[in-house]
Amino acid sequence: MNKKNQDFLKALTETPSPTGSEEAVAGLVRARLKGSADTITTDVLGSVHAVLQGRGNGPSVMVAAHLDEIGLMVIHISDKGFLSVAAIGGVDAAILPGLRVDVHTAQGVLRGVVGRKPVHLIEPDERKTVTALDKLVIDVGMPAEAVHKQVRVGDPITFGVGFEDFGTGKALARAFDDKVGLWVAIRVLEELKKAGCAQGDYMCVATVQEEIGVRGAQAATYAISPDVGLAIDVTHATDYPGIEQSTHGKVVCGEGPVIGRGPNINPIVFDRLVAAAEKEGIPYQIEAEPRVTPTDARAIQVTKDGRACGLISIPLRYMHTPTEVIDLGDAEAAVRLITRFVLDLDEKACFIPGMG
């Protein structure tokens, strides 16, 4: 991955966007695509729609990736200035004690730490259990009066960590779920522009509020009504100790993007994604999705009278923690795969199962 593109991925992950407060990352998307997309709009929920017009009559393709990240929200400020919080999205309370966090207030960002009694003061039986989120507090290191002046109930909080190169060809950061998917969707638009555009319109949609129920994707798909909708997200890598592959499947960081297969996925879209990967010599993996997926794909598929839907995922270790890990090569391969898929669509493409 070249420096310009890696710096953009770093900026996406380090720019806070807890669900409901995605404006800053939306601004990065608009700025990046200003010179590439033909039109860029933002809907009332906050999702960004960037359109690259096609040069023919091929099917329109929407690629959706979500802007938002998990986090916390202030629900109470004690008389002594300590913050009680609730989760935004799927936060594991076990990872929080001792973590540095950023509290996003109207007056600026405050550094906080998640406090818990030290091990010396915890009873032996209590040491065996996870401290519940409602028993943890955030300390911002300020007098109570100053805290009450600056912090308000409802202020969002994000993990206070950044992007780092990691090991060989990998990187770690918070919020690769789904900033890496967003990076892929943007890069596909740029590659299609360089290739002279596809036969049909390409819509890069940065969706909001995926972490609390794919709300942005539902509204965006309804408004755009694409012929084909792809969700690009992350999926659980199962290549490290403690995960049973016979239960969760084999997904390996560094062995290529993952193509979802199951009832949430249009079978013709699946076949075309596999064909695109093989045509380009791109390594890929297949993941069984026997039920509705926990991604924007579940909203895309059933919007209006139904959309032809596909799912591409980037293998991710340690999902929903401050140290999510990806292989950068998987992200670059996903760009090539989706670009090839879109370029190969023409006016004859049919996505009706059994008839395409």
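The values are calculated or read from the model by the stated rules, or taken from the named source; none is laboratory data. From a predicted model like this one, the values you see are computed outputs, not experimental measurements. FYI the Cβ positions are ideal-geometry reconstructions off the backbone, even for glycines, and counts take in every protein chain you see. Note: accessible area is taken over every heavy atom of the protein model, side chains too, but ligands, DNA and RNA are not part of it. Shrake-Rupley method; radii C 1.70, N 1.55, O 1.52, S 1.80 Å.
Average accessible surface for segment 1-75: 41 Å² per residue, computed with a 1.4 Å probe over protein heavy atoms with every protein chain in place. With protein chains left intact and a 1.4 Å probe, residues in segment 165-257 average 36 Å² of accessible area per residue.
Distance between the modelled labels on Ala288 and Val153, one decimal in nanometres: 4.8 nm (7 Å Cα→Cβ projection).
Net charge near Ile40: determine it from the other residues with C-beta under 15 Å of the C-beta of Ile40, scoring Lys and Arg +1 and Asp and Glu -1. Local charge sum for Ile40: -1. Using the Cβ-Cβ distance between Glu278 and Val130 with R0 set to 41 Å, the FRET efficiency works out to roughly 0.35. Approximating the spin labels as points 7 Å out from Cα along Cα→Cβ, the Ala93-to-Ile40 distance works out to 4.2 nm. Hey, any idea what % of segment 206-277's accessible area is carbon plus sulfur with a 1.4 Å probe? The C+S portion of the solvent-accessible surface of segment 206-277 is 46 percent. Working from Cα positions, state the angle (0 to 90°, nearest 10) between the long axis of helix 23-33 and the longest principal axis of the chain. Once rounded, one gets 30 degrees.
Listed here are the pairs Lys117/Lys149; Lys10/Lys194; Lys3/Lys304; Lys3/Lys279; Lys117/Lys179; which of them are more than 30 Å apart at the Cα? Could you put the intermediate results ahead of the total?
Working: Lys117/Lys149 27 Å; Lys10/Lys194 23 Å; Lys3/Lys304 41 Å; Lys3/Lys279 28 Å; Lys117/Lys179 34 Å.
Pairs exceeding 30 Å: Lys3/Lys304; Lys117/Lys179.
Each part reduced to its alpha carbon centroid, segment 1-34 and segment 70-141 end up 27 Å apart. For Ile122, the accessible surface of its heavy atoms amounts to roughly 10 Å² (probe 1.4 Å, protein chains only, rounded to the nearest 10). Report the antiparallel proportion of the DSSP beta bridges in the chain as a percent, rounded to a multiple of 5. Counting DSSP beta bridges with both partners in the chain, the antiparallel share is about 60 percent. For the chain, the direction-averaged projected area of the alpha-carbon convex hull comes to 19.3 nm².
Between the C-alpha center of segment 294-322 and that of segment 202-261 there is a gap of 4 Å.
Go ahead and run the numbers for FRET between Leu121 and Ile243, Cβ-Cβ distance against an R0 of 35 Å, rounding to 0.05. E(calc), rounded to 0.05, equals 0.55.
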